[in-house]
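Just below is one structure, and these are the notes that go with it.
The values are calculated or read from the model by the stated rules, or taken from the named source; none is laboratory data. Not measured: the values here are computed from a predicted model. Counting neighbours? That spans all protein chains shown, and the Cβs are built from the backbone with ideal geometry, glycine included. Please note that ligands, DNA and RNA were not included when accessible areas were found on the heavy atoms of the full protein model with its side chains. Shrake-Rupley method; radii C 1.70, N 1.55, O 1.52, S 1.80 Å.
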Amino acid sequence: MRKLKLQVQITVDGYMAGPNGEMDWMTFPWTDDISAYIGALTEPVDCIVLGRKLAEGFIPAWAAGPEGEDQASIDKMNNTPKVVISRTLTESPWENAVVAGGDLAETVNKLKAQPGGDMIVYGGGTLVSSLIAEGLLDELHLFVNPTAIGAGMPVFPHLDANQQLRLVAARPFDCGITALRFEPKRS
């Protein structure tokens with residue numbers, strides 16, 4: 001069974017974006033140690049899962065070759081197949097991406113049952129909160145930036161039940177970001 005991993009940048013007060021989607025709080029430039037860590041995290045990944053809103057910016061940005069990114073990273077992002085979870089799209093306007101809709105748990109479990117490597121979710125507030133609420137993530141990789149913003153889009157909004165997690169690893173990096181790796185406690 002394939003794993004579904006979450007990789008998301010967050011603030012120390014638990015937000016993945018500001019109140020209007022701002023990302024100006026993120027720590028850059030990254031140092032070699034965090035780049036190597038993320039390289040190892042994404043090495044077994046052969047599918048990127050995105051929410052529609054994130055896909056609208058993410059896919060075109062990587063297709064354009066973001067400034068400051070090396071060609072190997074750009075190629076990995078562009079060549080890795082993507083699944084866009086959407087209630088509104090019926091077909092993909094992007095190259096190398098398919099749209100999946102319907103029941104989220106059913107969709108994710110079908111993806112997990114397919115042969116292949118790990119899958120990774122990079123964000124999209126609605127998708128991430130739904131994946132967490134439904135217990136569909138196998139690993140949560142929270143990259144905590146040394147910044148508090150006071151308000152915004154929380155990683156864990158309005159949960160109906162406690163989400164029991166087990167800390168697997170914590171790793172500080174020279175740039176000031178700390179990676180926290182959690183796995184859900186499942187009975």
>> Within segment 1-108, what whole-number % of the accessible surface is contributed by carbon and sulfur, with the 1.4 Å probe and all protein chains included in the calculation?
In response: 53 percent
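Hey, with R₀ at 45 Å, roughly what FRET efficiency would A151 and Q114 work out to, going by the Cβ-Cβ distance, to 0.05? All intermediate terms of the calculation are to be shown ahead of the outcome.
Numbers: r = 39 Å, r/R0 = 0.86.
That gives a FRET efficiency of 0.70.
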> Once the principal axes of the Cα atoms of segment 114-168 are found, what is the range along each, listed largest first in whole angstroms?
Replying inline: 42, 27, 23
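Please state, rounded to one decimal and in Å, the Kirkwood hydrodynamic radius that the chain gives when every pair of distinct Cα atoms enters the mean of 1/r. Present the calculation step by step, with values, prior to reporting the outcome.
Details: mean 1/r = 0.0585 Å⁻¹.
Answer for the chain: a Kirkwood hydrodynamic radius of 17.1 Å.
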> When we measure straight from the Cα of K185, which lysines land under 28 angstrom away, once same-chain ones fewer than 8 places off are left out?
Replying inline: K3, K5, K82, K110, K112
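What FRET efficiency do you get for A63 and H158 if R0 is 30 Å and r is their Cβ-Cβ distance, rounded to the nearest 0.05? Write out the running numbers ahead of the final one.
Working: r = 34 Å, r/R0 = 1.14.
Step by step, r from the Cβ atoms, then E = 0.30.
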> Can you give me the relative contact order of the chain as a percent, contacts being Cα pairs under 8 Å and 6 or more apart?
Replying inline: 38 percent
>> Roughly how far apart, in whole Å, are the Cα centres of segment 53-107 and segment 1-52?
In response: 15 Å
>> As a test of the formula, what do you get for the chain when each DSSP H run with n ≥ 4 contributes -39,500 (n - 2.57) and the sum is divided by the residue count, at 222 nm and rounded to the nearest 500 deg cm²/dmol?
In response: -8000 deg cm²/dmol
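Would you mind getting the accessible area per residue of segment 62-187, heavy atoms of the protein chains only, 1.4 Å probe, in Å²? If you can, show how the numbers build up before the last one.
Values: 6990 Å² over 126 residues.
Accessible surface, normalised per residue, equals 55 Å².
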